[in-house]
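Since the structure comes first, as structure tokens, the remarks are kept for the end.
Please treat every number below as a calculation from the coordinates, not as lab data. Note that the structure is a prediction, hence the values are computed from the model and not measured. Glycine gets a Cβ as well: all are built from the backbone with ideal geometry, and neighbour counts include every protein chain shown.
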Amino acid sequence: IFMMTKDYRLYQAALLHDVVEDTDTTLDDLRDKYNCPPVVIDMVDFLTKRKGYTREEYLQRLIDSEDRGIALIKILDSFDNAMHTPTAIEYLKANNRDPAEAREKYIDTAKRLFDLYDYGPTVTFHLNNLFTYFETLLKIGVQEPKYDLMIDMVRAGVLDKDLT
């Protein structure tokens with residue numbers, strides 16, 4: 001996200017997007033203890049998955065936010081979630097989830113949110129490179145994408161032939 005925008009609120013929300021979901025920290029804590037700006041708390045609120053929500057209901061909540069910044073954070077989070085480390089692959093398999101299928105779901109989420117907004121030429125360029133990277137990984141069956149290569153692609157862009 002740092003290469004795509006200078007909006008500090010997006011940085012804050014991106015860094016905090018899972019904190020309410022994965023810790024005992026609440027939205028009130030973000031406001032009262034940590035003095036987060038209300039706009040950041042609102043973004044974190046939209047990005048927090050609610051217990052009992054289906055994947056589709058959660059995605060609809062993000063769409064209903066009508067916030068390009070929230071969509072961008074979730075797109076990048078989806079790419080990050082699609083980066084299966086050996087530990088993540090073991091976790092998915094132990095929970096009867098196919099890593100390739102999980103990756104496809106994450107990329108599908110990213111595509112659906114990407115199609116909602118005009119992100120401008122720079123962000124669109126970078127996101128298109130990430131989509132190309134993951135589509136190529138799916139084609140050639142790579143299970144463990146490399147962060148270094150992904151970051152290089154965001155910076156410069158590559159052709160499909162550069163990944164083989």
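Taken over the C-alpha atoms, the range 1-109 has Rg and Dmax values of 14.7, 41 angstrom. The P(r) of the range 22-68 has a tail past 17 Å containing 40 percent of all C-alpha pairs. With the simple spin-label model, which puts each label point 7 Å out from Cα in the Cβ direction, the Glu66 to Asp98 separation comes to 3.9 nm. Measuring r between the beta carbons of Tyr34 and Thr85 and using R0 = 30 Å, the FRET efficiency lands at 0.55. Near Pro37, once Lys and Arg are set to +1 and Asp and Glu to -1 for all other residues with Cβ below 15 Å from its Cβ, the sum equals -4.
On a 28 Å Cα-Cα criterion, which of the cross-link pairs Lys51/Lys105; Lys33/Lys93; Lys51/Lys93 come out too long? Correct reply: Lys33/Lys93. Toward the positive end of the charge dipole of the range 1-143, with +1 on the Cβ of Lys and Arg and -1 on the Cβ of Asp and Glu, the farthest Cα among Ile70, Val39, Asn96 is that of Asn96. Just to verify a number: FRET efficiency for Leu15 and Lys105, C-beta to C-beta distance, R0 = 22 Å, to 0.05? My answer for the efficiency is 0.40.
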